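Asker: There's a structure below that I have some questions on.
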Amino acid sequence: PVEGVVEREIKGGFEIKVVGNIRGFCPYSQMGLQKVENSQDYVGKKLIFRVMEYGEKGRKLVLSSRAILEEEQKKRKEEVKKTLQEGMVMKGRVVSLQKFGAFVDLDGIQGLIPMSEIGWERVENIHDVLVVGQEVEVRIIRIDWVKDQIGLSLKQCLPDPWDTVGQTFFEGSVHTGRVVRLTKFGAFVSLAPGIDGLIHISKLGKGKRINHPSEVIAVGQTLQVQVEGTDREQKRVSLSPVRSGKEENAAPEEGA
């Protein structure tokens, strides 16, 4: 390794002053672990480089800062490996957002929060919940050193709405919800973040037999529902639609 100062940006990378009049070249791809977003962030900095190519008596000198960083990262990774265990709660920093989840840096080693573990409610757009650079508290739910994978959960560090489901969504109570999903056996209605209830298909036809909930209801529709029962262990809420007018008859008021 050699020490050098990033003098300026040139075509394809940076010119590095090593010592005296000796200049080297560091390609963009070899400057850091991540893609270079703002080249001016590096200009003027003193960094350690690995000599990747030496020729023409020093006139051709190709350097890499990334090689040094990767070596340091590998050492930190081995140290962190000794301390990590499934079930641990750690603080980390979001480093990348993807359609399938968020990568979080845990003191030099990265883990993935899959979409299903970001929140108790269904997350459609990860950018609505997290941003790169955000500090988060996560629980380690899976470690696979063979595949070099760490599974994380953000929602397990948040209050579980099902712990108090019976206090709000008790049998007989009436609520307003939004239809979020239709299946062949019924319609799922969102009652609160992380709490969905099911209206069975047999309760959707107003007494008439239907083949699919989509014949009488649509995703996004808002409707009043009555709780028929809750199962905290299975995380299930059974619902029935509250009919208007004559159909509603003796339906209880909210909170009754």
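Asker: Kindly list the number of the only condition in (1) without any contact (Cβ under 8 Å) to a residue 40 or more places away in the chain; (2) open to solvent by less than 40 Å² (accessible area, probe 1.4 Å) that fails for L84.
Answerer: Going through (1) without any contact (Cβ under 8 Å) to a residue 40 or more places away in the chain; (2) open to solvent by less than 40 Å² (accessible area, probe 1.4 Å) one by one, L84 breaks only (1).
Asker: Given G151, G133, which one is part of a loop (DSSP other than H, G, I, E, B), modelled with pLDDT of 90 or more and open to solvent by less than 70 Å² (accessible area, probe 1.4 Å)? Walk me through how you get there before you give the answer.
Answerer: Numbers: G151 fails: part of a loop (DSSP other than H, G, I, E, B).
The conditions single out G133.
Asker: So which residues in region 98-125 are farther than 12 Å from V136 by Cβ and open to solvent by less than 30 Å² (accessible area, probe 1.4 Å), if there are any at all?
Answerer: G101, G108, I109, V123
Asker: With the requirement that a residue be loosely packed, with under 13 Cβ neighbours inside 10 Å and free of Cβ contacts under 8 Å to residues at least 60 places away in the same chain, what does region 87-97 give you? Full working, then the answer.
Answerer: Looking only at region 87-97, we keep the residues that are loosely packed, with under 13 Cβ neighbours inside 10 Å, and these are 87, 89, 91.
Hits for region 87-97 are G87, K91.
Asker: Moving on to the next point. Six or more apart or on different chains, Cβ under 7 Å: which pairs go from a residue in region 34-47 that's in a loop (DSSP other than H, G, I, E, B) to one that's open to solvent by 100 Å² or more (accessible area, probe 1.4 Å) and modelled with pLDDT of 90 or more? Could you list them?
Answerer: Close Cβ pairs satisfying both conditions: V43/R8.
Asker: Taking region 161-184, which residues are open to solvent by less than 30 Å² (accessible area, probe 1.4 Å), part of a loop (DSSP other than H, G, I, E, B) and closer than 23 Å to R122 by Cα?
Answerer: The answer is F169, and nothing else.
Asker: So, A187, is that one at pLDDT 90 or above and either open to solvent by 30 Å² or more (accessible area, probe 1.4 Å) or under 29 Å from the mean Cα position of the chain (by Cα) (or both) or not? Break it down stepwise before answering.
Answerer: Details: at pLDDT 90 or above: yes; either open to solvent by 30 Å² or more (accessible area, probe 1.4 Å) or under 29 Å from the mean Cα position of the chain (by Cα) (or both): yes.
Spelling it out, A187 is indeed at pLDDT 90 or above and either open to solvent by 30 Å² or more (accessible area, probe 1.4 Å) or under 29 Å from the mean Cα position of the chain (by Cα) (or both).
Asker: Further, regarding this structure: If you check Q73 against the conditions, is it in a helix (DSSP H, G or I), out of contact with any Pro (no Cβ under 6 Å at 6 or more places or on another chain) and open to solvent by 40 Å² or more (accessible area, probe 1.4 Å)?
Answerer: yes
Asker: Right, here's the next one. Out of all the residues in region 55-70, is one or more over 30 Å from L106 (Cα atoms), in contact with a strand residue (DSSP E or B) (Cβ under 8 Å, 6 or more places away or on another chain) and open to solvent by 80 Å² or more (accessible area, probe 1.4 Å)?
Answerer: Checked region 55-70: at least one residue is over 30 Å from L106 (Cα atoms), in contact with a strand residue (DSSP E or B) (Cβ under 8 Å, 6 or more places away or on another chain) and open to solvent by 80 Å² or more (accessible area, probe 1.4 Å).
Asker: So, one more: Among the residues in region 53-69, are any without any contact (Cβ under 8 Å) to a residue 24 or more places away in the chain, in a strand (DSSP E or B), of a type in the set (D, E) and farther than 25 Å from Q149 by Cα?
Answerer: For region 53-69, residues without any contact (Cβ under 8 Å) to a residue 24 or more places away in the chain, in a strand (DSSP E or B), of a type in the set (D, E) and farther than 25 Å from Q149 by Cα: present.
Asker: In this structure, does R209 turn out to be without any contact (Cβ under 8 Å) to a residue 40 or more places away in the chain, open to solvent by 40 Å² or more (accessible area, probe 1.4 Å) and assigned to a strand (DSSP E or B)? Break it down stepwise before answering.
Answerer: Details: without any contact (Cβ under 8 Å) to a residue 40 or more places away in the chain: yes; open to solvent by 40 Å² or more (accessible area, probe 1.4 Å): yes; assigned to a strand (DSSP E or B): no.
The answer is no for R209.
Asker: Of all residues in region 1-47 being of a type in the set (K, R) and within 38 Å of the chain's Cα centre (by Cα), which is surrounded by the fewest Cβ atoms within 10 Å (Cβ to Cβ)? Walk me through how you get there before you give the answer.
Answerer: If we filter region 1-47 for residues that are of a type in the set (K, R), which is where we start, we get 8, 11, 17, 23, 35, 45-46.
From what's left, within 38 Å of the chain's Cα centre (by Cα): 8, 11, 35, 45-46.
Values: R8: 12, K11: 5, K35: 8, K45: 12, K46: 9.
The extreme case among them is K11.
The values are calculated or read from the model by the stated rules, or taken from the named source; none is laboratory data. Because the structure is a prediction, the values reported are computed rather than measured. Positions of Cβ are generated from backbone atoms using ideal geometry, with glycine treated the same way; all protein chains shown enter the neighbour counts. To get the accessible areas, we keep the full protein, side chains included, count just its heavy atoms, and leave off ligands, DNA and RNA. Shrake-Rupley method; radii C 1.70, N 1.55, O 1.52, S 1.80 Å.
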